Amino acid sequence: MLTYIMFFRYAYPWWKEKIINSDLKRKDGLCLLTPEETALTFRALDIDRDIQIYIAAGEIYGGKRRMDSHVAAYPKLVRKETLLGATDLQYFQNHSSQMAALDYLVSLESDIFVPTYDGNMAKVVEGRRRYTIIIAFNVFFGSVLTFNHIHNR
């Protein structure tokens, strides 16, 4: 299967090929935050260390070793694999879009959403939250607030 995919990657010029210079991305501020940087940001924002933090991601680069300092600062870390039992999770296990949907739903319902990377999940959650604010404002005040009002402030 991998050979088949590699064939298409190089056979078609429209296939996306990414050459990533991580040093340049980091200098431009375009790299995702490391677990250490995330913990520092939380401390700077005076976020209570006893707050439960949901990790909406796959495996963290560097694994447990990279997460140790974050866990020391904020010990109540959970993931979908720790919140759901194996029998509940089995229905989603081989479906990445459904696993992402679980992350999306938890992220929407959270009190605080802090994306460490400006990917699609962050954009969709932010868009949904803005939409919810607009609807609530319009219902409460009986006026018409639009996305442009929020975006231009």
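Residues in the stretch 41-50 that are in contact with a Ser or Thr (Cβ under 9 Å, 6 or more places away or on another chain) and either part of a helix (DSSP H, G or I) or open to solvent by 60 Å² or more (accessible area, probe 1.4 Å) (or both): 1 in all.
Set side by side, the residues Val106, Val114, Val78 differ, and just one is under 21 Å from Thr34 (Cα atoms), in contact (Cβ under 8 Å) with a residue 40 or more places away in the chain, touching a strand residue (DSSP E or B) at 6+ places or on another chain (Cβ under 9 Å) and not aromatic (Phe, Trp, Tyr), which is Val114. Of the residues making up the stretch 51-86, those that are more than 18 Å from the chain's Cα centre (by Cα) and exposed (fewer than 14 other Cβ atoms within 10 Å of the Cβ) are Lys64, Arg65, Asp68, Ala72, Pro75, Gly85, Ala86.
Take the conditions in a helix (DSSP H, G or I) and out of contact with any Lys or Arg (no Cβ under 6 Å at 6 or more places or on another chain) and apply them to Ala72. Does it pass? Yes. If you go through the stretch 13-40 and keep only what is in contact with an Asp or Glu (Cβ under 9 Å, 6 or more places away or on another chain) and either modelled with pLDDT under 75 or open to solvent by 70 Å² or more (accessible area, probe 1.4 Å) (or both), you end up with Leu30, Leu32. Return yes or no: is Gly119 at pLDDT below 90 and under 24 Å from Ile133 (Cβ atoms)? Judged against the criteria, Gly119 is a match.
With respect to Val106, is the statement that it is within 30 Å of Arg26 (Cβ to Cβ), open to solvent by 50 Å² or more (accessible area, probe 1.4 Å) and β-branched (Val, Ile, Thr) true? When the stated conditions are applied, Val106 passes them.
Check whether at least one residue in the stretch 90-109 is of a type in the set (S, T, N, Q) and at pLDDT 90 or above, and report yes or no. No, the stretch 90-109 contains no residue that is of a type in the set (S, T, N, Q) and at pLDDT 90 or above.
Restricting attention to the stretch 45-69, the residues being more than 15 Å from Ser107 (Cα to Cα) and in contact with a strand residue (DSSP E or B) (Cβ under 7 Å, 6 or more places away or on another chain) number 0. Across the stretch 109-147, the number of residues qualifying as under 22 Å from Glu81 (Cα atoms) and either in contact with a His (Cβ under 8 Å, 6 or more places away or on another chain) or open to solvent by 90 Å² or more (accessible area, probe 1.4 Å) (or both) comes to 4.
The values are calculated or read from the model by the stated rules, or taken from the named source; none is laboratory data. Only a predicted model underlies this, so the values are computations on that prediction, with no experimental measurement involved. Positions of Cβ are backbone-derived with ideal geometry, glycine not excepted, and every protein chain shown enters the neighbour counts. Accessible surface is based on the protein model in full, side chains and every heavy atom, while ligands, DNA and RNA are left aside. Shrake-Rupley method; radii C 1.70, N 1.55, O 1.52, S 1.80 Å.
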